[in-house]
Each structure stands twice: as structure tokens, then as C-alpha cells.
Amino acid sequence: MLTEKLAMSNQENLHQPLLRLGLDLGGTKIEIIALDQSGRELLRRRVATPQGDYKATLTAVSGLVESVENELGQRGSVGLGIPGAESAGGLIKNANSTCLIGKPLRRDLQTLLQREIRIENDANCFALSEAVDGAGQDSDVVFGVILGTGVGGGIVVRGRVLAGANHIAGEWGHNPLPIAEEETLPPPPCYCGRHGCVESWLSGPALSADHARHTGELLLPQVIAARGDAACEATLARYERRLAKALAQVVNILDPQVIVLGGGLSNLQRLYANVPLLWNNYIFSDQVRTRLQAHRHGDSSGVRGAAWLWNGNQGKTGPSCSG
């Protein structure tokens, strides 16, 4: 029985120096990192993600684990960050890598690797990494934000990922943008099928689309940030105000000590000065102590967070924390 084999495997691990292996299963690449018990990076490598091929994806993930363990001569715990979530029934949902949807990914990997696997949404892994030894270190409540091709979020409370009853905790990107101003114009469509989601205003493509709506010129976000002319400045000002409104709703509900930004748009340094000045207008408090911080680990945070799913206080089976 697999359960008995897993139990035996876990007992064996108690008597071995234990690596923490983290994997980030992305749409274009699969990355693995090996950490020692102190969090020191020992090894990192990546391979291309097999496109649209679930079985090949399983083989690629298990192959990376086996090759790293062979190279380092140790067996490790395995945590995996995915662009989606695991349902209560153990099947993958809400994944932009569509070949994963409806598949028992954790069960299949446990069969291949003969050990317990922990799986979390990639935004949750980002938040966990930054909470453990990143920009949110030593904070009780950390909200991690991804501002990139999409908009995601993750919540960590006292070092523990909060997944929630429906395993969607932190999915602020699919709430409507609050407090209408010029957003009373027809809201943009979101890939989820709704209109006016935070993601449809605050992702990288949304920033470009907003600039095009106002100027007729479609530019990449980094070009808008670098140009410095009046039209680009106006676009960035609109973006900052919308981000401040959206994050204010998070503060009003969650009241985190730290909000950590990741993703490509987190490299806009002006956000860290301007957004906290603006969010005071929308937060229900006369004094706001929440800090807005840039990530410490950058693109490494997701894969590091997957490794930290085995930091001793995450859930023992299934999704790493219940609501």
C-alpha cells in the first residue's frame, strides 16, 4: 500500500540528513532548489516545462528530484509550487497550465517519488518565502502580492500558509477594483470571465492596455516606466492609485504587518513611496503601520517557498493549511 510505503519513507527520513527540495512548476520552466536546514542554497537547476503533457510533466518533476538527490547524496523533503490550487478532493483547479486541471498531481508524484509531497499555489509559496527569511521576516501576518502577467496573492500567519476553506485565500486579484472613480467606464474583461477584476487593472498587460486606452499607443510596462513624459506619468499615477485602493481593502480585512510585492511590476521603485501615501485615503484607521516592501529573494521566492513548505509547521497532508 502507498500509505504504508509513505509512512516507512517518512520514518527513514527521520534518520537521514534532510534536504529541503522546492520546485516551481511554471508554464515555461520547472525549477528546483535544494536548501539545507538553515535555508542555505546548495543547488539550483531548471528544465523546460513539457507543453500540454501531464505525464511528461510528472516525469520531468520526478527526474529533477532524483538527479538532485543523486548529486548531493541525500534524500530530501519535496514541496511544489504550482500555478493553481489543489481542491479538497486532491485534484488541481484554477491552473493556467491547463494540462494540470482535474489531475491528482500530488498523489501521482507521491507514487513516483515514494514519499509525502506538499503542494501549494505559487503565490502562497512566494509569500511563505518572504515571511520565513525575506522582506516579511519576523512579522506575524504577511500578505505576498504578485504583480506580473497576472495578479495573485498569498497569506502567511505566524509562519504558516493560510489556504482557506475553499483553498483560495489571498486571491485578491479576482475581487472587483473598489471605490469607483473614472473606473465607472466600462470595466475591462478578465480571463476568469468577469469584468473589472483587480487583475484586469493591475497586471502588466493591464497597465499597457490602460496606457493605450488613454494615448492610442501600446507600450510595455518597462517602457512606460522609463519614458518619463506626461502621458506615461499619468498612466503610472493611475496605476498607483488603483493599487493603493486594492491593497487598502486587504489591509482593512487582514491588517498585515507587511505587504511584500513580487512579479515584474514590483521593480517600479516609485510604488513603495507613493502607494502608502495614497492608501491612507482608503484604510479604515487613523494611523497605518502596515509596511509596503519589495521582495528580498526576487524570482527565487517561489521555489524557496516551496522548499519551506517543510519548515515544521505546515500541514501534514494535502493543502498546507486549512481555513
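The values are calculated or read from the model by the stated rules, or taken from the named source; none is laboratory data. This one's a predicted model, so the numbers in the text were calculated from it and none came from an experiment. Cβ placement follows ideal geometry from the backbone for every residue including glycine, while neighbour counts extend to all protein chains displayed.
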>> Considering only region 106-121, I want to know if a residue exists there that is surrounded by fewer than 24 Cβ atoms within 10 Å (Cβ to Cβ), under 13 Å from the mean Cα position of the chain (by Cα) and modelled with pLDDT under 95.
In response: no
task: Confirm whether ARG238 is in contact (Cβ under 8 Å) with a residue 24 or more places away in the chain and either within 26 Å of GLY298 (Cα to Cα) or surrounded by 24 or more Cβ atoms within 10 Å (Cβ to Cβ) (or both).
output: yes
Among residues of region 262-302 being touching a residue at least 40 places away in the same chain (Cβ under 8 Å) and part of a strand (DSSP E or B), the residue surrounded by the most Cβ atoms within 10 Å (Cβ to Cβ) is GLY262
